[in-house]
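Remarks on the structure that follows.
Read-outs throughout are calculated quantities, based only on the coordinates presented, and are distinct from any laboratory measurement. This structure is a prediction, so every number in the text was calculated from the model and none was measured. Here the Cβ is made from the backbone with ideal geometry for all residues, glycine too, and neighbour counts use every protein chain on show.
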Amino acid sequence: MDKMQTASEAVRRLKAEYPVAECTLDYRDAWQLLFNARLAAQCTDKRVNEVAVGLYARFPTLEDFASADVAELEEYIRPTGFFRVKSADLKNCAVLLLAEFGGIVPDNMDDLLRLPGVGRKVANLILGDVYHKPGAVVADTHCIRLSNRLGLCDTADPKKVELALRELLDPAESNDFCHRLVLHGRAVCQARSPRCAACSLADLCPSAGRTV
């Protein structure tokens, strides 16, 4: 079975195992998903969702973030880690969204990458989840780990993983496939103790049963 066949079969099996493929970050508006994805760097989605409740109660609009006192913003964001740089990114992102994009989150990679704190992973999340554009590959830690274990790529570089998966996946399936990799990575194919005996992909995976 070649890489494309492996990818196609992995898509099929994970779709059956996790029929609902959604981002695990809570959000109401596109800009909230953008901000929550920034906060999720080096932090769990669960913690971000908890922090977001108070954060958006205090700063419910982009205008509120743009005019926020940075010290106060930092206190709300502190539990997510790296709160100083994240606070600055959120404030500066709000300013730029309002000044250049009319408060609308861009729908293309080039403009998304202009926003403070936004890299390709977050940009692809917005393109896939908000704008439902085909071919969006969110190369987060779970995607990178599982793609390497399955032999779909051989690199830890997020952009290289993204580009490799784009060559192998049906564009219409790529965004949901990445969400399913997150679900499978948390439930079964964990970083330190993968549960290979319980894995629906074990017979596809050259890493199955190996000590990790």
_What is the distance in Å between the Cα centroid of the stretch 99-176 and that of the stretch 1-66?_
12
*For the stretch 105-198: span of alpha carbons on each principal axis (Å, largest first)*: 43, 26, 22
*Sum up the charges of everything whose Cβ sits under 13 Å from the Cβ of ARG186, counting Lys and Arg as +1 and Asp and Glu as -1, but leave ARG186 out.*
+2
*Please find the FRET efficiency linking TYR131 to GLU63, where r is the Cβ-Cβ separation and R0 is fixed at 25 Å, and quote it to the nearest 0.05.*
0.60
*Might you report the magnitude of the Cβ-based charge dipole of the stretch 80-122 about its Cα centre, with Lys and Arg at +1 and Asp and Glu at -1, to the nearest 20 debye?*
300
_Filter on LYS3/LYS160; LYS46/LYS159; LYS46/LYS160; LYS91/LYS121; LYS91/LYS133; LYS15/LYS86 - keep pairs with C-alpha separation over 23 Å_ = LYS46/LYS159; LYS46/LYS160; LYS91/LYS133; LYS15/LYS86
*asked:* Let me spell out the model: positive unit charges on the Cβ of Lys and Arg, negative unit charges on the Cβ of Asp and Glu, origin at the Cα centre of the stretch 30-130. What dipole size does that give, in debye rounded to 20?
replied: 380
*Report the residue, chosen from PRO116, PRO106, PRO19, that carries the largest GNM mean-square fluctuation when the chain is represented by alpha-carbon nodes joined by springs under 10 Å.*
PRO19
*Semi-axis lengths, Å, the chain, gyration tensor of Cα atoms, sqrt of 5 times eigenvalues*: 33, 18, 14
*Let me know the charge dipole size of the chain about its Cα centre in debye, to the nearest 20, where only the beta-carbon of Lys, Arg (+1) and Asp, Glu (-1) is charged.*
840
*Note down the Stokes-Einstein diffusion coefficient of the stretch 57-138 in µm²/s, whole number, using a Kirkwood radius over alpha carbon pairs, 20 °C, and 1.002 mPa s.*
160
*For the chain, build the charge dipole from Cβ charges (+1 Lys, Arg; -1 Asp, Glu) around the Cα centre, then report which of CYS143, ALA30, PRO171 sits farthest towards its positive end.*
CYS143
*Springs between alpha-carbon atoms under 10 Å, Gaussian network over the chain: tell me which of PHE35, PHE59, PHE177 tops the mean-square fluctuations.*
PHE59
_Which of ALA21, ALA57, ALA88 ends up with the largest GNM mean-square fluctuation for the chain, with Cα atoms connected below 10 Å?_
ALA57
*Arrange the following residues from fewest to most other Cβ atoms within 10 Å of their Cβ: ILE104, ILE144.*
ILE104, ILE144
